[in-house]
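Derivation of every value follows stated rules applied to the coordinates shown; laboratory data play no part. Please read these numbers as outputs of a predicted model, since none were measured by experiment. Glycine also receives a Cβ, built like all others from the backbone with ideal geometry; neighbour counts cover every protein chain displayed.
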Amino acid sequence: MERPARWARAEWGALYVTVRGPLRERRLRAAPMAAGAVCLTALLQYAQNQPWGYRFVQDAGAVRAEDPLWQALLRTPLSLFVPAPDLPVWGALAQILCVFGIAEICLGWWRTLAVAYVATLAGTLYARAGIALGPHAPFGLPASDARVVDTGPSAAVVGLAVYVGWRYGAYVTAGAVTAAMVVEVLLKENLAGKEHLAALMGVGTLCLAAALRDRAPYRPGRPPGPSPTPPPLRP
């Protein structure tokens, strides 16, 4: 039992310490944006299953590759919270509460939304590029996928899980999420699975940029170049 416990501490220790204190002190108030996202997703799910609300939700937050690009970009922020109308919403709500909540505590609300938006936008743009390539090209998509609605919150959830895992040293967890998305595409090759992979590539680019930024030397008030040689000490 000691070896699994040591592995769990090494994998999730930093993440657990970061999340435990705010949750113990403030509970859901520690992640108000995540709580609001859950409420918004539930509201949109209810509305799009009503005769009076379906068209509004589709016009405001449903993104398809056949839509004009400017229209898709305007709808993308809200599309993060529009689940698939034909799937059980409880799983999506639980994922948003858990992953968005942990990310909000660890990264802050605006960084959480930024990473989520990058992941969703990467999937949206990939769909357009894949359809333009055609079904016979590598990473291409059939023209019929242009009428399929984008993944909704799932791409953002996957991207945030990998980004937070990488940021807090949970590399096995981040790798497991990535591997699960690859298996999803291999078992069921559809638009949603490929958009998840595109989301992971977008978040991977963010991770690479953050790693390069963190490794860059920081010398405030000093121009780039070699450090000046200190004068010799006098006896």
When the dipole is taken about the Cα centre of the stretch 2-212, and only Lys, Arg (+1) and Asp, Glu (-1) are charged at their Cβ, what size is it in debye, to the nearest 20?
680 debye
Points 7 angstrom from Cα along the Cβ direction at Arg9 and Val183: gap in nanometres?
2.9 nm
Where a ≥ b ≥ c are root eigenvalues of the Cα gyration tensor, a/c under 1.5 meaning rounded, otherwise prolate if a/b exceeds b/c and oblate otherwise, the stretch 72-116 counts as oblate
In the stretch 2-212, taking the dipole from +1 charges on Lys and Arg beta carbons and -1 charges on Asp and Glu beta carbons about the Cα centre, the listed residue (Gly101, Leu141, Gly130) farthest towards the positive end is Gly101
Quick one: if the Förster radius is 25 Å, what FRET efficiency do Ala143 and Arg55 give, using the C-beta to C-beta distance and rounding to 0.05?
0.50
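If you take the beta carbon distance between Val172 and Gln71 as r and set R0 to 35 Å, what does 1/(1 + (r/R0)^6) give as a FRET efficiency, to the nearest 0.05?
Step by step, r from the Cβ atoms, then E = 0.30.
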Residue with peak Gaussian network fluctuation, the chain [Cα springs, cutoff 10 Å], from Leu23, Leu97, Leu78:
Leu23
Positive end of the dipole of the chain, charges at C-beta (+1 Lys, Arg; -1 Asp, Glu), about the Cα centre: which of Val182, Leu208, Ala34 has its Cα farthest in that direction?
Leu208
Where does helix 171-187 land angle-wise versus the long Cα axis of the chain, in degrees 0 to 90, nearest 10?
30 degrees
Assertion target for Thr173, Thr41, ordered by fewest C-beta neighbours within 10 angstrom first, is Thr173, Thr41
With N residues in the chain, Rg(alpha-carbon) / (2.2 N^0.38 Å) equals 1.22
In 5 Å bins starting at zero, report the fraction of Cα pairs in the stretch 1-84 per bin as a rounded %.
3, 13, 15, 13, 11, 10, 10, 10, 9, 4, 2, 0
